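Worksheet: the structure to be examined is printed underneath.
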Amino acid sequence: MTPIMLWVREGESWEMTMNHRGIEFTVAKTAIPGIWQWQFRIGDQIKTGRTETKIELLAIRRAQLRIDRELKAIERKTA
């Protein structure tokens, strides 16, 4: 996993783009303290969501777990 950090100086917000199991995803700090937004695309479907935590790595891990869940659901459909 090679993170790419994109810093935006509007109220110290930032986003990080990473790759998990071949899926590129983004985790971004929102204006609300402790709320993180994530986004990823599998095929032509874009999935987005939010998670609440003060810990950056936990927000990233939760996005990765969501990717795992979506990939597993696709695997079940094609099996």
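The values are calculated or read from the model by the stated rules, or taken from the named source; none is laboratory data. Keep in mind that this is a model prediction, so the values were computed, not measured. With ideal geometry, Cβ positions are generated from the backbone for all residues, glycine too; neighbour counts draw on all protein chains shown.
Can you find a residue in the range 32-44 that is of a type in the set (Asp, Glu), loosely packed, with under 13 Cβ neighbours inside 10 Å and without any contact (Cβ under 8 Å) to a residue 60 or more places away in the chain? Yes: the range 32-44 contains one or more residues that are of a type in the set (Asp, Glu), loosely packed, with under 13 Cβ neighbours inside 10 Å and without any contact (Cβ under 8 Å) to a residue 60 or more places away in the chain. Counting only residues that are of a type outside the set (A, V, I, L, M, F, W, C) and part of a helix (DSSP H, G or I), the range 37-65 holds 4 of them. Before we move on, is residue 53 in contact with a Leu (Cβ under 9 Å, 6 or more places away or on another chain) and at pLDDT 95 or above? When the stated conditions are applied, residue 53 does not pass them.
Would you be able to say whether some residue in the range 65-77 is of a type in the set (D, E, K, R) and touching a helix residue (DSSP H, G or I) at 6+ places or on another chain (Cβ under 9 Å)? Quick ask: steps written out before the conclusion?
In the first step, residues of the range 65-77 are kept if they are of a type in the set (D, E, K, R); the result is 66, 68-70, 72, 75-77.
With the extra rule that they be touching a helix residue (DSSP H, G or I) at 6+ places or on another chain (Cβ under 9 Å), the set shrinks to none.
Looking for residues that are of a type in the set (D, E, K, R) and touching a helix residue (DSSP H, G or I) at 6+ places or on another chain (Cβ under 9 Å), one finds none in the range 65-77, hence no.
Taking only the range 45-75 into account, find how many residues are within 17 Å of residue 21 (Cα to Cα) and of a type in the set (D, E, K, R). Matching residues across the range 45-75 total 9.
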